[in-house]
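Only the coordinates and a few stated rules stand behind these numbers; no lab work does. Bear in mind the structure is a predicted one, so any value in this text is a computation, not a measurement. Here the Cβ is made from the backbone with ideal geometry for all residues, glycine too, and neighbour counts use every protein chain on show.
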Amino acid sequence: MIIKEREIPIRILKIQALLDRVTLPPEKRAILDGELKSRLAGYYGEKAIDYYLRKLPENDYCILHSLRLKMNSDYFQIDTLLLTDKYALIIEVKNLTGELFIDVNCNQLIQTTPEGEVKGYQNPVQQAKYQKQDLDKVFQTKAIHLPIEYLVIISKPSTILKTNSKYAISKIIHAQYLIEEIERLNKKYHMVIHEQKAVKKMVKNAVKTSLSGNI
């Protein structure tokens, strides 16, 4: 059951409005065009996994998209949070093409685009791990005892994945294998921690404490 729908990030709406309504110097417009393209790619990548999530039995899963939760005085964002009566799953989505190499020695994601351009990004597996640590703290304050798993989902099946870490490769998969991974987690976690009614109450509280879910 989808409790919180995915929202278009406010930053995307602001950039689109600015480009449509304001005359900008060419260099400034080019920078904003590039940012808009990147953010739209991320948003469409997140939406790409919705096709697979809709295959899940509605009564067994609570799904929240675009969460921005408060932890102490700071906020952290989760692309998609899946809650069951046995575990929670953080899903971090990346919509990148070409070849991706996760270098755990440098703690960096290196992308080689189809055009041959090389780009560097934050290690998404580490990023999802940080989200787990923050969510763990939120759960502790709410007396929620669900174990938390995390996955990095690559939305494009043509994207090549490489890494120098067996652990990292176990945490990053293509979108078409998401359901299989969820089924594996269902077998791993077979003990009910919170009844479904309690999980739904947690979800309502999460929605209340979530802001717009966008940066």
query: Can you give the convex hull volume per residue for the Cα atoms of the stretch 1-94, as a whole number of Å³?
result: 119 Å³
For the stretch 30-151, alpha-carbon Rg relative to the globular expectation (2.2 N^0.38 Å, N residues): 1.19
- line: Here, Leu19 and Glu115, labelled 7 Å along Cα→Cβ, have an inter-label distance in nm of 1.5 nm
- prompt: What pairs from Lys137/Lys197; Lys86/Lys156; Lys86/Lys197; Lys37/Lys171 go past 24 Å between their alpha carbons?
  reply: Lys86/Lys156; Lys37/Lys171
- prompt: Net charge near Pro114, counting Lys/Arg +1 and Asp/Glu -1 over other residues with Cβ under 13 Å of its Cβ?
  reply: -1
- line: Square roots of five times the C-alpha gyration tensor eigenvalues of the chain, ordered largest first and given in whole Å, equal 30, 22, 16
- request: Obtain the nm distance between the two label points defined at Val138 and Tyr177 by a simple spin-label model: each point lies 7 Å from its Cα along the Cα-to-C-beta direction.
  value: 2.8 nm
field: Magnitude of the charge dipole, the chain, Cβ model with Lys/Arg +1 and Asp/Glu -1, debye to 20
entry: 540 debye
query: Hey, in the GNM for the chain with a 10 angstrom Cα cutoff, which one of Ser158, Ser73, Ser38 fluctuates hardest?
result: Ser73
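Starting from the Cα-Cα distance between Asp103 and Ser165, subtract it from 0.36 nm times their residue separation and give me the gain in nm to one decimal.
21.5 nm
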statement: Using the Cα gyration tensor of the stretch 95-215, the equivalent ellipsoid's semi-axes, largest first and to the nearest Å, work out to 31, 17, 14
